Amino acid sequence: MSANSIRGPVCISWKQDMEGAMYHLANCILLLGFMGGSGVYGCFFLFGFLGTGYLCCVLWGWFNACGLDIVLWSFLLAVACLLQLAHLVYRLREDTFPEEFSLLYKTLYLPLQVPLQTYKEIVNCCEEQVFTLATEQTYAVEGETPINRLSLLLSGRVRVSQDGQFLHYIFPYQFMDSPEWESLQPSEEGVFQVTLTAETSCSYISWPRKSLHLLLTKERYISCLFSALLGYDISEKLYTLNEKLFAKFGLRFDIRLPSLYHILGPTAPDAVTESEKDDEEVHEPAVSPPQAMATSVQQPSLPSPPPAATSPCAPPSRARMSRPDSGILASRTPLQSYSQVMSRGQAPLAPIHTPEL
């Protein structure tokens with residue numbers, strides 16, 4: 001037995017004619033398909049070119065190679081690629097949100113790298129409903145509207161007021177009732193302490209209180225996410241109030257100090273507030289001792305006037321004093337402000353040049 005018969009048949013000579021153009025086109029398309037990248041669009045590129053290349057192999061095996069095995073294997077591979085493309089299209093349609101929710105994800109949640117599956121659970125909790133407010137329509141009324149939801153403004157501008165006094169604005173992608181949400185436990189009930197009015201046409205989404213609490217209890221990641229978002233939103237509202245006070249009084253107050261409470265409260269135009277009375281008590285002792293000293297120095301030998309003459313010179317009754325303007329407040333030094341507040345037994349306000357964070 002010869003060595004050639006043991007090793008089997010070998011190529012004696014190469015074919016002179018080349019395969020048809022369909023064979024070469026199939027391999028070129030397959031080469032492009034294997035150059036696809038990762039991600040959803042990379043998978044579309046990969047399976048799209050692979051499916052087209054295997055279809056070209058089916059045509060080549062049917063018309064040129066005339067091989068049943070070539071046709072069957074190429075057909076099976078082409079069907080597998082088409083099924084994978086159909087699955088990708090279904091997944092994309094399943095993860096598609098309305099325009100408002102897609103923009104919300106790109107603006108608020110995508111910078112925090114929140115997965116789409118987690119965002120889908122958050123959206124399902126609010127049932128993918130978008131509510132609207134007309135101009136001057138109220139979202140909540142002070143002392144009447146119950147706190148039973150958490151809402152996020154998508155477009156427009158909402159005015160927040162208390163006792164008719166303007167506090168601050170709520171802008172798009174800010175929570176409308178974050179302080180009320182944080183002020184109550186899950187089992188507690190309460191009403192709004194402020195009035196929220198739409199200044200323009202607004203749209204917002206709203207989560208029911210019970211449904212959102214159940215979601216936060218079940219998903220720890222979503223609970224941490226909402227805690228961070230609500231904490232940031234409340235701090236922004238507090239700093240907005242702080243900037244409002246700075247513009248009104250000319251001083252940059254520290255919002256962490258409890259003595260700022262009496263400044264935040266509404267002032268009645270026809271009644272003397274306690275802070276104004278305290279200001280008068282502070283100013284009067286500071287002025288009377290120098291006047292008495294000057295009188296004693298200039299007129300040392302004058303006899304004391306009779307009792308009847310003292311009545312016209314008696315100090316007049318304490319008149320109502322208006323709140324000092326920003327110029328007077330700015331002219332006081334931090335030491336004077338500190339000493340005046342300490343004389344009233346209250347915590348001091350922040351100095352004028354409070355370091356900014």
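The values are calculated or read from the model by the stated rules, or taken from the named source; none is laboratory data. The structure presented is a predicted model; accordingly, all values stated were derived computationally and were not measured. Cβ placement follows ideal geometry from the backbone for every residue including glycine, while neighbour counts extend to all protein chains displayed. To get the accessible areas, we keep the full protein, side chains included, count just its heavy atoms, and leave off ligands, DNA and RNA. Shrake-Rupley method; radii C 1.70, N 1.55, O 1.52, S 1.80 Å.
Could you list, in sequence order, all residues of region 195-227 that are within 26 Å of residue 145 (Cα to Cα), open to solvent by 60 Å² or more (accessible area, probe 1.4 Å) and assigned to a helix (DSSP H, G or I)? Selection gives 210, 214, 217, 227. Output yes when any residue across region 62-84 is within 40 Å of the chain's Cα centre (by Cα) and at pLDDT 90 or above, and no when none is. There is at least one residue in region 62-84 that is within 40 Å of the chain's Cα centre (by Cα) and at pLDDT 90 or above. Given the structure, is residue 36 more than 30 Å from residue 131 (Cα to Cα), touching a Leu at 6+ places or on another chain (Cβ under 9 Å), open to solvent by less than 70 Å² (accessible area, probe 1.4 Å) and at pLDDT below 85? Yes; evaluated as a whole, the condition is true for this residue. Here is the figure for region 140-173: residues that are touching a residue at least 60 places away in the same chain (Cβ under 8 Å), under 19 Å from residue 209 (Cα atoms) and assigned to a strand (DSSP E or B) total 2. In region 77-99, the condition of being in contact (Cβ under 8 Å) with a residue 12 or more places away in the chain, surrounded by 12 or more Cβ atoms within 10 Å (Cβ to Cβ) and in contact with a strand residue (DSSP E or B) (Cβ under 7 Å, 6 or more places away or on another chain) is met by no residue.
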